[in-house]
Amino acid sequence: MSVLNIASNSNVSDITVLDFEYAPAVEFNLFPEIRELCNKAGWNHIRIEYDRCNPSGIASRVLENLPPDAKRLFVDISGMSRLLIVQLIVGLLELDTTAPSISILYTEAISYPPTESEAHTKLESHANDSAAILSFISAGVYDLAIVPELSSVNINRAPVRLIAFPSFNPTQLLSAKSIVQPAKTTFIHGIPPNPELQWRTNAIRTLNQITDEIESQNIKICTLDYSACLKKLLLLYDEWAEFYNLVVSPTGSKMQTVAVGIFRSFVSDVQIVYPTPLRFTSPTAHTHGAKQVYVLDLDEFRKLRNSYECSADVDHIENCK
């Protein structure tokens, strides 16, 4: 709601708000509040269903609902499905330069559950009882979503290398590995920019039972620094794409997921898979408050994509950041 409240206080009237209604329904979403705010501000309000169990083609439906005279499109990813983030970025960056300008908005939260003591207690219970159910923000996996628009155009008989972002839902990583069956795995561990939250990196690593075994690769990247993540993805592609089919499972931070979307926009022979959460915990177990809003304009990436063949040219993309 943070971005919508900022916009409503600016007294801008010519706005169309598109929001996504998840199916299966997520009962905690604030649809009545959004509808009331839009009505009060005199904004056009369009709701689009996003079926998390059948999510393909969503970017096309968004484009169909854009006003024909739209000049600028803001994509607020703060509460958005990570697969949806990748789908939208890939679909929007495929547009030519006559399309509306595109900006990503992200609101940093004030607090990020679980607390360190809560995580420690659950990890201890899991250590004493391997059957203990660990439920943080989400739990379980419905299925491994593979949508046509994010599928690889060049699957060969090479072994698979999985690039995974471990999370507080360990079944996501387990599901991706069990279905993809990678020969090698690269783990990208998120480091929160706030030092008081950096315990989360090791907690997630412990939760997912990740060690420094030879067949894996462990990389640490700031959760907020999309550019560092994008650069690392390009370097990994440069290093491994000749020898492996690369599969990326974007379950990291929201800004790391933005990096995955930009990366996939330029490199079409990478497969995106997403372990769709089975259920979500109550709102009290989610992030709280609004600390700072970040804006990332994507127009330069779109111009670059329209200027060059789709390839992982690290130098060109690095110059675009």
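The values are calculated or read from the model by the stated rules, or taken from the named source; none is laboratory data. Since this is a predicted model, take the numbers as computed values, not measurements. Neighbour counts are summed over all protein chains in view; Cβ atoms, including those assigned to glycine, are modelled from backbone coordinates with ideal geometry. Just the protein is used for accessible areas: all its heavy atoms, side chains included, with ligands, DNA and RNA removed. Shrake-Rupley method; radii C 1.70, N 1.55, O 1.52, S 1.80 Å.
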Hits in region 187-222 (condition: among the polar types (S, T, N, Q) and part of a strand (DSSP E or B)): Ser216, Gln217, Asn218
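If I go through region 196-253 residue by residue, how many of them are touching a Gly at 6+ places or on another chain (Cβ under 6 Å) and open to solvent by 60 Å² or more (accessible area, probe 1.4 Å)?
Here the count works out to 0.
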Taking Asp19 and the conditions (1) open to solvent by less than 20 Å² (accessible area, probe 1.4 Å); (2) under 27 Å from Asp225 (Cβ atoms); (3) charged (D, E, K, R), which numbered condition does it fall short on, given that it satisfies the others? (2)
Checking Ile163 against (1) open to solvent by 20 Å² or more (accessible area, probe 1.4 Å); (2) within 29 Å of Ser103 (Cβ to Cβ); (3) not charged (D, E, K, R), which single condition isn't satisfied? (1)
Test of understanding: among Ala109, Ala99, Ala131, Ala139, which residue is at pLDDT below 95, open to solvent by less than 30 Å² (accessible area, probe 1.4 Å) and more than 22 Å from the chain's Cα centre (by Cα)? Ala99
Just the residues that are β-branched (Val, Ile, Thr) and either closer than 18 Å to Ile85 by Cα or not in a helix (DSSP H, G or I) (or both), please, taken from region 32-73. Ile46, Ile48, Ile58, Val62
If you go through Asn11, Asn29, the only one that is in a loop (DSSP other than H, G, I, E, B) and open to solvent by less than 60 Å² (accessible area, probe 1.4 Å) is Asn29
